[in-house]
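The values are calculated or read from the model by the stated rules, or taken from the named source; none is laboratory data. Predicted model, so just to flag it, every value in this text is computed and none were measured. When we count neighbours, we look across all protein chains shown, and the Cβ atoms used for this are built from the backbone with ideal geometry, even at glycine. In case anyone asks, the SASA skips ligands and DNA or RNA and just uses the protein heavy atoms, side chains included. Shrake-Rupley method; radii C 1.70, N 1.55, O 1.52, S 1.80 Å.
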Amino acid sequence: MLTLGVESSAHTFGVGIVDEGKVISNEKSMYRIGTTGMIPKKVAEFHVQNSSSVVTRALSKAGIRITDIEGIGYTKGPGIGNCLQVGQVVAKTLAQKLNVPIVPVNHGVGHIEIGRLQSGLEDPVVLYVSGGNSQILKMTKGQGKTKHYRVLGETFDIGIGNMLDNFARSIKLDPAWGSTVEKIAVGGKYIAMPYTVKGMDFSFTGLLTHSTKQVGAHSKEDICYSIQEASFSMLCEALERALLLTNSKELCVCGGVAQNARLKEMLSMIAEDHKAKIGYAANEFNADNGAMIAFVAERMIKGGSKAKLSECGIEQRYRIDRATVF
Ligand code: FE2
């Protein structure tokens with residue numbers, strides 16, 4: 001079933017096409033973040049300007065025509081309202097024109113489900129770490145044949161990626177991404193940092209405030225190294241509790257921050273200690289992308305889910321534990 005997915009929750013406008021669970025194209029245009037971060041109105045304008053060309057590229061890469069598409073999915077949330085709106089309008093316009101089913105998809109479910117597929121893990125504890133989200137989850141039974149993700153632990157305030165991006169902006173890194181912090185952290189040494197874990201929950205704002213106050217007193221390398229070590233250790237501690245609580249021997253890591261090499265190294269040690277298999281999606285799918293939305297949409301439509309156009313809205317704070325998984 002040729003299914004097209006549209007992702008536009010933040011800086012990326014992505015369109016992916018999936019056929020029977022297989023990704024056949026995954027194209028995107030990404031807003032250049034520079035040193036200022038994301039200004040919602042500007043990012044949404046960027047998506048409007050690029051949406052048509054990304055759809056065209058995705059179709060051409062897949063070697064199909066638009067009229068071959070049999071189902072549509074789009075990101076309902078969570079995300080930035082102005083940005084989500086653009087993807088929703090594109091998806092609804094296509095669904096109406098082609099007269100095919102359309103389903104709203106939870107962004108986090110997209111990351112996790114494609115991660116689970118690619119890692120080959122059946123029923124893992126999931127660490128989902130991105131700009132807007134930081135959660136530890138496990139799938140649980142829902143109504144009938146459906147399932148949903150239960151949140152075992154999560155951030156009390158901001159996502160870990162948001163924290164790293166925010167710090168990058170405060171020291172004027174260009175681009176102001178966590179990935180730039182990762183590069184600068186190489187060769188740094190540890191300085192004392194705040195550390196906040198409560199059971200399986202954690203908090204990052206104190207760490208962010210403290211780190212920005214260290215600028216000038218310590219080298220950028222040392223602060224970048226320490227902010228990573230402290231925040232990643234917090235995730236690892238909470239994750240160890242989740243592995244013990246669930247007695248799970250599988251760990252799936254997904255989301256934009258899952259691309260960080262130091263985090264991967266620390267998580268591998270945790271997995272080894274707990275004799276758990278660890279798996280990731282390819283980096284292409286840990287970054288925001290349309291293919292993961294198409295992947296989930298295809299399964300939802302096949303599972304009997306179909307929304308009326310009038311029901312296809314957006315929700316900036318669409319929680320993952322409210323989304324049904326087929
Ligand atoms: Fe994401």
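Solvent-accessible area per residue in segment 120-282 equals 44 Å², computed with a 1.4 angstrom probe and all protein chains kept.
Rolling a 1.4 Å probe over the protein heavy atoms leaves R262 with an accessible area of roughly 60 Å². On the protein heavy atoms, probe 1.4 angstrom, tell me the percent of accessible surface of the chain carried by carbon and sulfur. Accessible surface attributable to carbon and sulfur in the chain totals 51 percent.
Here segment 264-323 is treated as an ellipsoid with the same Cα gyration tensor; its semi-axes, largest first and in whole Å, are 33, 13, 13. Does segment 1-130 come out rounded, prolate or oblate, given a ≥ b ≥ c as the square roots of the eigenvalues of its C-alpha gyration tensor, rounded meaning a/c under 1.5 and, failing that, prolate meaning a/b above b/c? Oblate is the answer for segment 1-130, as a/c is 1.5 or above yet b/c matches or exceeds a/b. Would you list, by chain and number, the lysines whose Cα falls below 17 Å from the Cα of K141, excluding same-chain residues fewer than 8 positions away? Excluding near neighbours in sequence, the set is empty. For K220, a cut-off of 21 angstrom between C-alpha atoms picks up these lysines, skipping any fewer than 8 places away in its own chain: K172, K183, K189.
With a threshold of 23 Å on the Cα-Cα distance, the over-threshold entries among K76/K306; K138/K198; K22/K249 are K22/K249. Taken per residue, the accessible surface of segment 1-64 reaches 42 Å², heavy atoms only and a 1.4 Å probe.
In terms of the mean number of neighbouring beta-carbon atoms within 10 Å, the peptides 27-38, 264-275, 297-308 order highest first as 297-308, 27-38, 264-275. Between the Cα long axis of helix 40-62 and the first principal axis of the chain there is an angle of about 60°, rounded to the nearest 10.
For segment 169-203 versus segment 65-121, the spacing of their alpha-carbon centroids is 32 Å. With the helix formula -39500 (n - 2.57) applied to DSSP H stretches of n ≥ 4, the chain reaches a computed 222 nm mean residue ellipticity of -13500 deg cm²/dmol.
Give me the log10 of I(q) over I(0) for segment 120-282 at q = 0.10 Å⁻¹, as the Debye formula computes it from C-alpha points; what are the numbers? Taken in order of the listed q values, log10 I(q)/I(0) reads -0.36.
Counting only Cα atoms, the chain measures 60, 44, 31 Å along its principal axes, largest extent leading.
Ranking L117, L173 from most to least accessible surface, computed with a 1.4 Å probe over the protein chains only, gives L117, L173.
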